[in-house]
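The values are calculated or read from the model by the stated rules, or taken from the named source; none is laboratory data. Only a predicted model underlies this, so the values are computations on that prediction, with no experimental measurement involved. Here the Cβ positions follow ideal geometry from the backbone for every residue, glycine too, while neighbour counts run over all protein chains shown. The area values use the complete protein model at the heavy-atom level, side chains included, leaving out ligands, DNA and RNA. Shrake-Rupley method; radii C 1.70, N 1.55, O 1.52, S 1.80 Å.
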Amino acid sequence: MSTTANARLMDGSGIARRLVEETAARAADLTRRTGKQPCLATVLVGEDPASVTYVRMKRARCEKAGIRSHHVELPAATTTEELVATLRGLSDDPDVHGILLQHPVGRHIDERAAFEAIAPGKDVDGVTTSSFAAMSFGLPGFVSCTPGGIMRLLDAYGVDPAGKRAVVVGRSAILGKPAGMLLLARNATVTYCHSYTPAADLSAAVREADIVVAAVGRARFIKGEDIKPGAVVVDAGYNEGNVGDVDFEAAAERAGLITPVPGGVGPMTIATLLSQTVDAAERQLGAAPA
Ligand code: NAP
């Protein structure tokens, strides 16, 4: 068990590795039983270096897990209509089981319209309104990968959110908002903070929280002194210089459990994407494991 100051580190890399191994075994089993390999389509618009790297990483992990990767590269000048048509085509393609649109896409593109062109049954990145609604109502569907990965990490460390006070700092559609909904579904008392939350209120909310999820995108934004002793601190932030949204050293003095950056939430996100891709393929091929 690794420790930093008082806190125990949540080893996202290790937990993700095990999830990817399980997923690879399921992919191999499905391929053997159906003669069809699970397939994730990745769609990249333009050449933003970070996006290029993320997609390359996701494709490499797919290949390692026995998931076929079908990559579509579109020029930066692609219009919303063209992107929507591409995503509809992939949604209709029986050889594609999951679709990932790497985002952000260019500012001239209506990102929401593009996401909505992904068939809910193939929305393994959990970005459509249909997936969000299903998740919020506790119905079957795919969860947004980073929040889904966070919940798996909490489960792996035996953290039961029921009855706990949770604060989610950030409310983006793919991260903060669904993270709060998943915690709520597991019976936490959830507070959201965002850019309109006065700093003093944000500090007060963090001070009371048993579970802190940081999803802001600002380096060391959550102060260590605000962490309640023994709290579980999950840092989804990833800022320049491999720095999270939590002031790690100071927070680790007080937290009970804390995620490192990198090696915490990031690997869980990709592992969740792969796992949901195999779920989608099992459903579409009518071949859920016995
Ligand atoms: P985003 O869309 O920019 O959302 C940031 C959120 O933070 C918004 O809800 C915003 O509030 C809130 N915020 C901004 N300034 C604030 C302030 N001063 N006080 C309180 N809240 C504030 O970012 P995102 O896509 O959710 O990503 C957040 C972070 O997670 C980034 O560092 C990103 O790199 C990282 N991330 C990591 C993974 C992973 O796999 N590890 C995946 C996705 C994202 P408003 O809504 O009011 O604007």
**Item:** Lysine-lysine proximity count for the chain, Cα under 28 Å, sequence distance 8 or more or distinct chains
**Value:** 12
**Complete:** With label points set 7 Å from each Cα along the Cα-to-Cβ direction at residue 207 and residue 64, the distance between them in nm comes to 4.3
**Item:** In region 191-290, GluC sites (Glu not before Pro) in a DSSP loop with at most 14 other beta-carbon atoms within 10 Å
**Value:** 240
**Message:** In Å², and per residue, what accessible area does the chain have when probed at 1.4 Å with the other protein chains present?
**Reply:** 46
**Prompt:** Using +1 on the beta carbon of Lys and Arg, -1 on that of Asp and Glu, and nothing else charged, what's the dipole of the chain about the Cα centre, debye to 20?
**Reply:** 580
**Asked** Convex hull volume of the Cα atoms in region 144-266, per residue, in Å³?
**Response** 88
**Message:** Need the full-extension length gain, residue 85 to residue 133, defined as separation in residues times 0.36 nm minus the C-alpha distance. One decimal, nm.
**Reply:** 14.9 nm
**Inter-probe distance in nm under a simple model that places probes 7 Å from Cα toward Cβ, at residue 160 and residue 52** = 4.9
**Item:** Normalised per residue, the volume of the convex hull around the Cα set of the chain (Å³)
**Value:** 126
**Asked** Considering only protein heavy atoms, what is the solvent-accessible area of residue 181 at a probe of 1.4 Å, reported in Å² to the nearest 10?
**Response** 50
**Prompt:** For region 42-137, what's the relative contact order in percent, using C-alpha pairs closer than 8 Å and at least 6 residues apart?
**Reply:** 30
**Message:** If I require 30 Å or longer along the helix axis, counting alpha carbons, and a Kyte-Doolittle average no lower than -1.0, what helices from the chain are left? Use full DSSP H segments.
**Reply:** 12-34
**Message:** Could you identify which residue out of 237, 14, 126 has the top mean-square fluctuation in a GNM of the chain using Cα springs shorter than 10 Å?
**Reply:** 14
**Asked** Tell me, what is the 1.4 Å probe accessible area of residue 174, in Å² to the nearest 10?
**Response** 60
**Request:** Starting from the Cα coordinates of region 139-189, work out the convex hull volume and express it per residue in Å³.
**Result:** 77
**Message:** Can you tally the net charge around residue 269? Count Lys and Arg as +1, Asp and Glu as -1, for every other residue whose Cβ sits under 11 Å from the Cβ of residue 269.
**Reply:** +2
**Asked** Can you pull the percent of region 7-128's accessible area that's carbon plus sulfur, 1.4 Å probe, other chains left in place?
**Response** 52
**Fill in**
Here FRET efficiency (C-beta to C-beta, residue 17 to residue 73, R₀ 45 Å, nearest 0.05) is 0.95
**Message:** Please list 32, 61, 220 from largest to smallest accessible area, probe radius 1.4 Å, with all protein chains kept in place.
**Reply:** 32, 220, 61
**Asked** At a 1.4 Å probe radius, carbon and sulfur cover how many percent of the accessible area of region 144-266?
**Response** 50
**Request:** Give, in whole angstrom and from largest to smallest, the semi-axes √(5λ) of the equivalent ellipsoid of region 19-116, with λ running over the eigenvalues of the Cα gyration tensor.
**Result:** 27, 15, 9
**Request:** Within the set of other residues whose C-beta is less than 10 Å from the C-beta of residue 96, count the net charge using Lys and Arg as +1 and Asp and Glu as -1.
**Result:** -1
**Request:** Report the residue, chosen from 244, 148, 158, that carries the largest GNM mean-square fluctuation when the chain is represented by alpha-carbon nodes joined by springs under 10 Å.
**Result:** 158
**Request:** Count charges around residue 229 for me, please; just the other residues with Cβ under 15 Å from its Cβ, Lys/Arg as +1, Asp/Glu as -1.
**Result:** +2
**Request:** Report the calculated FRET efficiency for residue 25 and residue 239 (r = Cβ-Cβ distance, R0 = 35 Å), to the nearest 0.05.
**Result:** 0.50
**Message:** Which one, 45, 55, 80, projects farthest toward the positive side of the charge dipole computed for region 8-82 from Cβ point charges (K/R +1, D/E -1)?
**Reply:** 55
**Message:** Test of understanding: extend the Cα→C-beta vector of residue 95 to 7 Å, then name every residue of region 47-68 with backbone N under 15 Å from that spot.
**Reply:** 68
